[in-house]
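The values are calculated or read from the model by the stated rules, or taken from the named source; none is laboratory data. The structure presented is a predicted model; accordingly, all values stated were derived computationally and were not measured. All Cβ positions, glycine included, derive from the backbone under ideal geometry; neighbour counts span all protein chains shown.
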Amino acid sequence: MEKKNDISWLDFEKIDLRVGTILEVNDFPEARKPAYQLHIDFGTEIGILKTSAQITKRYSKEELVQRQIVAIINFPKKQIGKFMSECLVLGAVGAEGDVVLLNADIKVENGTAIA
């Protein structure tokens, strides 16, 4: 696999990566590919943001609730059907297209920045 184009440190600093806790998970039958709708708590300063994630192959709704994840919170909002996505949950994509969510190995405060 080829390495993508290099970015500058200034480019990296523009990305706002934060830790949040998934509060609510709902089915998203309108999505083109199987996905969930997630409500994620990023702490009092940022609040609760919504997103959709194609993580149904590896995770059940029940095991996602109260799980901490890492997300980019400063992408522009994206309309997906009738649903407005407000952040992007990060994960590693396996060979079969299953996504493994990125998270902190120790629980941290919601909204903690990734440096």
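Observations on the model:
- In segment 91-103, the residues that are of a type in the set (Gly, Ala, Ser) reach residues that are not in a strand (DSSP E or B) with C-beta atoms within less than 6 angstrom, at least six apart or across chains, in these pairs: Gly91/Leu102.
- Subset of segment 88-114 (residues that are in contact with a helix residue (DSSP H, G or I) (Cβ under 9 Å, 6 or more places away or on another chain) and among the small types (Gly, Ala, Ser)): Gly111
- Among the residues of segment 30-44, some residue qualifies, meaning at least one is over 21 Å from Ile80 (Cα atoms), surrounded by 15 or more Cβ atoms within 10 Å (Cβ to Cβ) and among the aromatic types (Phe, Trp, Tyr).
- Entirely in segment 1-86, the strands (runs of 3 or more DSSP E) that have 1 or more residues that are closer than 23 Å to Ala104 by Cα, under 12 Å from the mean Cα position of the chain (by Cα) and free of Cβ contacts under 8 Å to residues at least 40 places away in the same chain: 36-41, 48-53, 83-85
- Residues being in a loop (DSSP other than H, G, I, E, B) and modelled with pLDDT under 95 - total across segment 89-102: 5
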